[in-house]
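Remarks on the structure that follows.
The values are calculated or read from the model by the stated rules, or taken from the named source; none is laboratory data. This is a predicted model, so every value here is computed, not measured. Glycine gets a Cβ as well: all are built from the backbone with ideal geometry, and neighbour counts include every protein chain shown. The protein model used for the area step is the full one, side chains on, heavy atoms only, and it has no ligands, DNA or RNA in it. Shrake-Rupley method; radii C 1.70, N 1.55, O 1.52, S 1.80 Å.
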Number of protein chains: 2
Amino acid sequence: MPTNLEISRGTVRKPLLDVAADMGIGPHLVEPYGNAAAKLSLDAIDELADRPKARYVVVSSLTPTPLGEGKTTTTVGLGQGFAHLGKRAVIAIRQSSMGPTFGIKGGAAGGGYAQVVPMETVNLHLTGDLHAVTGAHNLLAAMVDNHLHKGNALGLDPWSITWRRVLDVNDRDLRQIVTGLGGRQDGIPRQTGFDITAASEVMAILALCSSLRDLRNRLGRIVVGYDSDGEAVTAEQLKAAGAMCVQLREAVKPNLLQSVEQTPVLIHCGPFGNIAHGNSSVVADLVGIRCGDYLVTEAGFGADMGAERFFNIKCRASGLVPDAAVVVATVRAMKVHSGRYRVVAGRPLPDEMVQESPDDVYAGAGNLRRQLANIRAHGVTPVVAVNAFPGDFDSEHRAILDIAAEEGVRAAVSTHAAKGGKGAAELADAVAAACEQPAEFTHLYPTDLPLAEKIDVVARRMYGADGIDLSPLARRQLDTYTRCGFDALPVCIAKTHLSLSDDPSRKGAPTGWRLPVREVRASAGAGFVYPICGDMRTMPGLSSHPAAEHIDIDESGQVVGLA
Amino acid sequence: MPTNLEISRGTVRKPLLDVAADMGIGPHLVEPYGNAAAKLSLDAIDELADRPKARYVVVSSLTPTPLGEGKTTTTVGLGQGFAHLGKRAVIAIRQSSMGPTFGIKGGAAGGGYAQVVPMETVNLHLTGDLHAVTGAHNLLAAMVDNHLHKGNALGLDPWSITWRRVLDVNDRDLRQIVTGLGGRQDGIPRQTGFDITAASEVMAILALCSSLRDLRNRLGRIVVGYDSDGEAVTAEQLKAAGAMCVQLREAVKPNLLQSVEQTPVLIHCGPFGNIAHGNSSVVADLVGIRCGDYLVTEAGFGADMGAERFFNIKCRASGLVPDAAVVVATVRAMKVHSGRYRVVAGRPLPDEMVQESPDDVYAGAGNLRRQLANIRAHGVTPVVAVNAFPGDFDSEHRAILDIAAEEGVRAAVSTHAAKGGKGAAELADAVAAACEQPAEFTHLYPTDLPLAEKIDVVARRMYGADGIDLSPLARRQLDTYTRCGFDALPVCIAKTHLSLSDDPSRKGAPTGWRLPVREVRASAGAGFVYPICGDMRTMPGLSSHPAAEHIDIDESGQVVGLA
């Protein structure tokens, strides 16, 4: 099979104005950005408001291995698959971060014959949205330190400042730094650090806002720290929110590209799944929902994390109601959830793991069952997508289909990576049927529940914990946020994505454990409170041989080495 | 008179494909980026190579005040002026940096009726080139620290590392920082800092390269530090140059916009004038030189700095030969060079300075005469452009014209800011005549002169110094660079732009002084060695009330407060 880059290069792309026309979007709403991407005007939201709504499908997964289970690939494949049923679909996914592109191998635009093209555009700057987030975020950071330097009229407590800086690069040396060294003219020394741009609250805000005005208002609500009375100090008070919004006025428009089969793809925003909600943008979905029979989007990590946040944070912000949820399962992840194997990113799978063993697959059922229950807990109909890999055995696929049948859930084996949309047609058919099944979408908790109870509900009902243990620090912080009026916000629990529990080594569906909450932070602008359960890395590092070492241009100026 | 933003908003823009067609550039070479800017393919350079060359005009100035003397405005005005003589001109200028846009007031796209439109696009992200420079620069920085972290196979001496990080924001607290704090997994503690993106060597490289391949090779030659034997360690050795080039593959294409009078404007690259050559890109000029009767470009600061570097660094890289050089003079700068007045950015001019006083103007002649001689020293014909301001008196303009006449130099009063190209028609006429005057372009020094002698030649012949004084550190550094083979590079002297001397308070044309060289740095990739004479700030700070505080979107989503 050719490489992703070769497939991408070999694709004949449709002019983007024609792709937009397929969505019923006129050229006046399309702004080309280079030859491979375009931005759509937010005017589309109002202009298309009278059209019927597409069925809204979210793609999630069982608890993934460190290798990832091909959720984006499945999302793109499923979107393409609908065309083979004579239906029109729009795909809405996240923008990949450039840091990891040059860090670890692996594009973020799907793979094989289920990818967004051209992959160079998708994986590099795209239309610059991440850079705009970097710029807006760091302008606020500079204005925070400038405020201290110029007399600190707002009485901001320097030790309370939570607003760090961001860059879209994997750079471990920036995690913990001291700024403001030098002399009187060079600022005030302070310990702080950089996160990767995707982890910026500005990114989460961009992904959750529903209009330019909403973006402006949310930016103003960002809390950078507290004054000596414990009152929140905001970006609005620092007079930074307007300039931040101006920097983001193009970035707020969704990007239009296409898949290898010319299916329309909206790529917009990529909030970090570790500490934010990990879903693509609300505005892209508000446009896409009016542009076809199906809108297929993706939620990061397993259903306990990305899908839970999709239901309780993103759908709350958008007002949209999902019709079905796909849970991606792979043979290798099922085997890992048996507890018998361990996989490590960058190393080949253990020899025994690639032998035919439907038993091992079946032994991992607990995790899949829990994730299906997590979808149903929201009144949404799940569908199992078996993402087929070349080394899989039919008996192993059947084991997954058996588990789905035991749960009364539709399921299909999908071969989109190798065969494109045709390979996902059976999955699309199952999803179409699921969308027609009567169901009533419900949030997991009402927002007026106290914050600690919201965390407890998610921990028990999604993760299978027996309860939560708040550290004294976390208790104090919850008190602060309640006093500041953030108690009506939903929660976005930051824990490992590699286990239903807080311990990445515990596979399957762990029971008999409690979720320890070390600390709690607030993204008041984005509109959620996020408890930290475990060590959350917000700035990746580079390996001994980063992917960047192999990426170059060839003699003809073409990109090589992008995997 | 309406504000710059109002004029920009009121402009009817021509479709960019039509602007390109006016330049004889077909649509296959044009990639739209949004509705207001486009990129031109570098294929244009070869495709247009058979066309006759335009006359090549560089716009410089007398030694400016801290307020700036309207060099960009004059460049745009002059470009527009040629149309009023029935000639076709192309304008090529630098991209403004976003840091200062939110720091101090003042767009960088010209002003009044001699500006590039729309000003929001010009002053904000444009097509993202600065962000690509930030990304490429910081990827190399991460790979440097990662190399140390992973065992330092190249034996890079951590204390010799000169490669810092960059961001396009005014942030004084990032000037001096310590990175790599935390623990074993968070890097190795090291003192370093951030410069503004415009000060990145990557920006200088992008501005000086003549093709994508040349860009790739120059990136490989970047020196990040030295090993324990004193040998240079390069980006090529760190295997970073390929990935950096991939990040820059769109940024290397010049951006096409238009002026308020629909004159084609190429905006490309903005290397910091303080420590780099401060000229727009070679590739933009290689395209523009084939697209009209005149190509008008701009060189930063006074003729002793920007124009000298234009002649000896940029023209060496491009192989292009200038036909005339405009020296912009203003009444206020002439008065300052009398030594009788002092102006401060952000404060109104002293009362006595705005009184009619041709005497004061004439008393500042020394500086203008020296800058005209600096142009002539390169075998280029100068023209004086009196950039008229509303409060000027005719008698004061006449004083400048008199000085020009005494020097045997053509001159014209230009009112482009108030009247557009029509106000610059007389200037355009003088420039056209100067272009036809026989002259022979010559570099100031041959590249095989030893580095110290090159510095000495520039100091004596351009600045009027009696010689140079090298510090012991500077001597050692010159030895190192000579040993490393950088002695064949031209020099780019970093000194204040506010005086011909190294002391910003000395106005006019100071004599009886020597230039102290504190240290010397090398931009081996960009291809110049830069002696540091005085305190060169490479990361600006914010004021007590930065411009960002007033920039916002209004209810209709329009940008307000951009000045």
For the protein assembly as shown, give me the percentage of DSSP beta bridges that are antiparallel, rounded to the nearest 5 percent. 45
Taking r as the C-beta separation of B:Asp503 and B:Phe441 and R0 as 41 Å, the FRET efficiency to the nearest 0.05 is 0.85
Taking the Cα centre as origin and putting +1 on Lys and Arg beta-carbons and -1 on Asp and Glu beta-carbons, what dipole magnitude results for region A:376-531, to the nearest 20 debye? 540
Note: B:Glu236 to B:Ser471 extended length (0.36 nm per residue) minus current alpha-carbon separation gives 81.5 nm
Radius 14 Å from Cβ of B:Arg290, net charge of other residues (Lys, Arg +1; Asp, Glu -1): -3
The pairs in A:Lys314/A:Lys454; B:Lys71/B:Lys314; A:Lys71/A:Lys314; A:Lys87/A:Lys314 lying past 20 Å Cα-Cα in this model are A:Lys87/A:Lys314
Work out the charge dipole of the protein assembly as shown with +1 on the Cβ of Lys and Arg and -1 on the Cβ of Asp and Glu about the Cα centre, then indicate which of B:Ala434, A:Val116, B:Pro546 is farthest towards its positive end. B:Pro546
Go through B:Val327, B:Leu67, A:Gly77 and say which Cα lies farthest out towards the positive end of the charge dipole of the protein assembly as shown; charges sit on Cβ, +1 for Lys and Arg, -1 for Asp and Glu. B:Leu67
For region B:15-156, what is the relative contact order in percent, using Cα pairs closer than 8 Å and at least 6 residues apart in sequence? 17
Take the Cβ-Cβ distance between B:Glu352 and B:Ala433 as r, set R0 to 45 Å, and report the resulting FRET efficiency rounded to the nearest 0.05. 0.75
Shortest first and in nm to one decimal, what separations exist between A:Arg9 and its copies in the other chains, measuring from label points 7 Å along the Cα-to-beta-carbon line? 4.9
How far apart are the A:Ala418 label points across copies, placing each 7 Å from Cα toward Cβ, in nm, shortest first? 7.8
Please give the Cα centre distance for region A:458-505 versus region B:139-215, rounded to the nearest Å. 37
Could you check the simple spin-label distance between A:Asn35 and B:Ala405, using points 7 Å along Cα→Cβ, in nm with one decimal? 5.7
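Classify region B:129-247 as rounded, prolate or oblate from the Cα gyration tensor: take a ≥ b ≥ c as the square roots of its eigenvalues, call it rounded if a/c is under 1.5, otherwise prolate when a/b beats b/c and oblate if not.
oblate
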Roughly how many debye, to the nearest 20, is the charge dipole of the protein assembly as shown about its Cα centre, given +1 on each Lys and Arg Cβ, -1 on each Asp and Glu Cβ, and no other charges? 720
Using +1 at the C-beta of Lys and Arg and -1 at the C-beta of Asp and Glu, which of B:Met353, B:Asn387, B:Ala424 has the Cα lying farthest in the positive direction of the dipole of region B:346-427? B:Ala424
Given A:Lys53/A:Lys335; B:Lys335/B:Lys419; B:Lys53/B:Lys335; A:Lys253/B:Lys39; B:Lys14/B:Lys253; A:Lys150/B:Lys335, the pairs whose alpha carbons are separated by over 30 Å: A:Lys53/A:Lys335; B:Lys53/B:Lys335; A:Lys150/B:Lys335
Can you tell me the FRET efficiency between A:Asp535 and B:Ala21 if r is taken as the Cβ-Cβ distance and R0 is 60 Å, rounded to the nearest 0.05? 0.55
For B:Asp50, inter-copy label-point distances (7 Å, Cα→Cβ), nm, shortest first, read 5.5
How well do other chains shield peptide A:231-243, expressed as the mean number of their Cβ atoms within 10 Å of each residue Cβ? 3
How big is the charge dipole of region B:436-477 about its Cα centre, in debye rounded to the nearest 20, if each Lys and Arg gets +1 on its Cβ and each Asp and Glu gets -1 on its Cβ? 280
Once a ≥ b ≥ c are taken as the square roots of the eigenvalues of the Cα gyration tensor of region A:390-486, is the result rounded (a/c under 1.5), prolate (a/b larger than b/c) or oblate (a/b not larger than b/c)? prolate
For chain A, calculate the relative contact order in percent as a whole number, restricting contacts to Cα pairs under 8 Å that are 6 or more residues apart. 21
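Checking understanding here: applying a Kyte-Doolittle mean of at least -1.0 and a length along the axis of at least 24 Å (C-alpha), which whole DSSP H helices in chain A pass?
A:129-149
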Summed residue charge, Cβ within 10 Å of B:Leu256's Cβ, Lys/Arg positive, Asp/Glu negative: +1
Could you give the accessible area per residue of chain B, probe 1.4 Å, as a whole number in Å²? 33
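Show that you can apply the helix-only estimate: for chain A, add -39,500 (n - 2.57) for every DSSP H stretch of four or more residues, divide by all residues, and state [θ] at 222 nm to the nearest 500.
Result for chain A, helices only: -8500 deg cm²/dmol.
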When only Cα pairs under 8 Å and 6 or more residues apart are kept, what is the percent relative contact order across region B:451-532? 36
Please report the antiparallel percentage of the DSSP beta bridges confined to chain B, to the nearest 5. 45
